[in-house]
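**Student:** Before I ask anything, let me first share the structure, which is written out below as C-alpha cells.
The values are calculated or read from the model by the stated rules, or taken from the named source; none is laboratory data. These numbers come from a predicted model, not from an experiment. Quick reminder, even Gly has a Cβ in these numbers, built from the backbone with ideal geometry, and neighbours come from all protein chains shown. Remember, those area values only see protein heavy atoms, side chains included, never the ligands or the DNA or RNA. Shrake-Rupley method; radii C 1.70, N 1.55, O 1.52, S 1.80 Å.
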Amino acid sequence: MLDLQRLRALHAVSVHGTVGAAAAALGYTSSAVSQQIAKLERETRTVLLEREGRGVRLTDEAWELAETAQELLAIVERAETGLEERRGLPAGRLTIAAFASAARGLMPSVLADLARRHPALDARLAEVDPHLSVDLVAKGAVDLVVAHDWDIAPLPAPTGLEQVHFGDDLCDLLVPEDHPFAGRTGVRREELGGERWICQPPGRVCHDWLLRTLRSAGHEPDVVHQADENPTLVALVAAGLGVALIPRLGRGPLPPGVVEVPLEPVPVRHLYALWRKGAARRPAIAETVRTLREHWPMVTAR
C-alpha cells in the first residue's frame, strides 16, 4: 500500500524542482521530505531521485509515479471538498500563492481576517511570481493563487482553472526629485525615450511588461539596474540612478528624493484569484475569494 503523504512529497518535488522548494511549499523540513521519498523508494523498490550536481533529478519511474500521485491527490481533494461543502464552513488547510507586492500589501490583512472569522481554517501563504504560481495551482501544488497581468500582457489561464478579477492596481512613474519630469502633472509614454531604467530582472512579469510598453511606444529601454524587490528599486531611484515604473500595491510611502508622476495612459495591473475547477464548492475557496474582494477597496484607499 503506497502512503499518500509520501506520494505528496514526491509530487511536490516534481512540481517545485528541488527538495528544498518542495519542503517549503509543504511546510516541512528538507530532511523530512527526503525521508518520505526514501521510504517511498523502499516501498516501491525503485530509485526515484538521482544526484545531479548539487541537486537531484527525478528518474523516469519517479515522473510516472508523480503523475499518478497528482491523480490521487485530485481524488482526495474532491473528497475533502465534498465533506467541507456539506459542513458549510471553511476548514482544513488552504495553501495560497501570491506575487510579492500582494503578499506584502494585501495578504496580511486578508489572512488575519480569515483567521479571526474562521479558526478551523489553516490558511498558509507562499510568495510566488505569477509566471510560476498559475502552473502550481493547475498541478495541485497550491489551492489558490493571487496573480496579476498587465493591460498589454494578459495572464494565460490553463485549462482546468477558474478565475475571478477582483481589482485593478495602478502604476506610476517614479523619478528623482531633480529629474525634468518631477514637476509635471503627467508624462506620455512617447516621452520616455533616453531614460535610464531600473526594473526587475528578465523573466519577471514587470520586466517583460516594461519592455513591451516602451517598445510599443517606439523606444528600446536602457535597463541599467535590476532588483527583485520594489523597495530596492525605489531606493535606487532615490539615489538618482534612474527612473522606474512601480505599481502602488505594497509600495508603501515614498522616501525623500523620489517623486511620483502619473503616466498617460495610466498602466494597470489586473488582479485575479485562480483555483482548480470545482474547488469553488469548497467553502474555504469561496470565503477567501470573498475576503479578497472585500479587502481590495480598503487597500486602494490607503
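**Student:** Mind checking the angle between helix 60-87 and the chain's longest principal axis? C-alpha axes, 0 to 90 degrees, to the nearest 10.
**Tutor:** For 60-87 against the chain, the angle is about 90 degrees.
**Student:** Would you mind working out the accessible area per residue for the chain, using a 1.4 Å probe, and quoting it in Å²?
**Tutor:** For the chain, the per-residue accessible area is 48 Å².
**Student:** Here's a follow-up. Find the eigenvalues of the gyration tensor of the Cα atoms of the stretch 201-302, then list the square roots of 5 times those eigenvalues as equivalent ellipsoid semi-axes, largest first, in whole angstrom.
**Tutor:** 32, 18, 13
**Student:** What accessible surface, in Å², does a 1.4 Å probe find on residue 165, ignoring ligands, DNA and RNA and rounding to the nearest 10?
**Tutor:** About 90 Å², ignoring ligands and nucleic acids.
**Student:** Further question on the same structure: In the stretch 1-112, carbon and sulfur make up what percent of the accessible area (probe 1.4 Å)?
**Tutor:** Carbon-and-sulfur percentage of accessible area, whole number: 52.
**Student:** Per-residue counts of other Cβ atoms within 10 Å, averaged by peptide: what ranking do you get for 30-39, 139-148, 188-197, highest first?
**Tutor:** 139-148, 30-39, 188-197
**Student:** Now, a different point. Tilt of helix 107-117 relative to the longest C-alpha principal axis of the chain, in degrees (0 to 90, nearest 10)?
**Tutor:** On a 0 to 90 degree scale, this one is about 50.
**Student:** Run the dipole for the chain about the Cα centre, Lys and Arg Cβ at +1, Asp and Glu Cβ at -1, nothing else charged, and hand back the magnitude in debye, nearest 20.
**Tutor:** Using Cβ point charges on Lys, Arg, Asp and Glu, the chain gives about 860 debye.
**Student:** Right, here's the next one. Expressed as a rounded percentage, what relative contact order does the chain have, with Cα pairs under 8 Å and six or more residues apart?
**Tutor:** 22 percent
**Student:** I would also like to ask the following. Bin all alpha-carbon pair distances of the chain at 20 Å intervals from 0 and give each bin's fraction as a whole percent.
**Tutor:** In whole percents, the pair-distance histogram is 30, 50, 19, 1.
**Student:** Specify the angular offset, from 0 to 90 degrees and rounded to the nearest 10, of the alpha carbon long axis of helix 30-44 from the longest principal axis of the alpha carbons in the chain.
**Tutor:** That helix lies at roughly 40 degrees to the long axis.
**Student:** Another question about this same structure. Using helices alone, I'd like the mean residue ellipticity at 222 nm for the chain: each DSSP H run of four-plus residues gives -39500 (n - 2.57), total over residue count, nearest 500.
**Tutor:** Mean residue ellipticity at 222 nm (helix-derived): -13500 deg cm²/dmol.
**Student:** Distance between Cα centroids, the stretch 213-232 to the stretch 264-302: provide it in whole Å.
**Tutor:** The stretch 213-232 and the stretch 264-302 have Cα centres separated by 27 Å.
**Student:** Mind ranking 107, 298 by accessible surface for me, highest first, 1.4 Å probe?
**Tutor:** Accessible-area ranking of 107, 298, largest first: 298, 107.
**Student:** For the stretch 160-266, what is the percent of antiparallel DSSP beta bridges, rounded to the nearest 5?
**Tutor:** Here the antiparallel bridges make up roughly 55 percent for the stretch 160-266.
**Student:** Something else about it: Please list 185, 232 in order of solvent-accessible area, largest first, computed with a 1.4 Å probe with all protein chains present.
**Tutor:** From most exposed to least exposed: 185, 232.
**Student:** So for 222, 178, what's the accessible-area order with a 1.4 Å probe, most first?
**Tutor:** So the residues, ranked largest to smallest area, are 178, 222.
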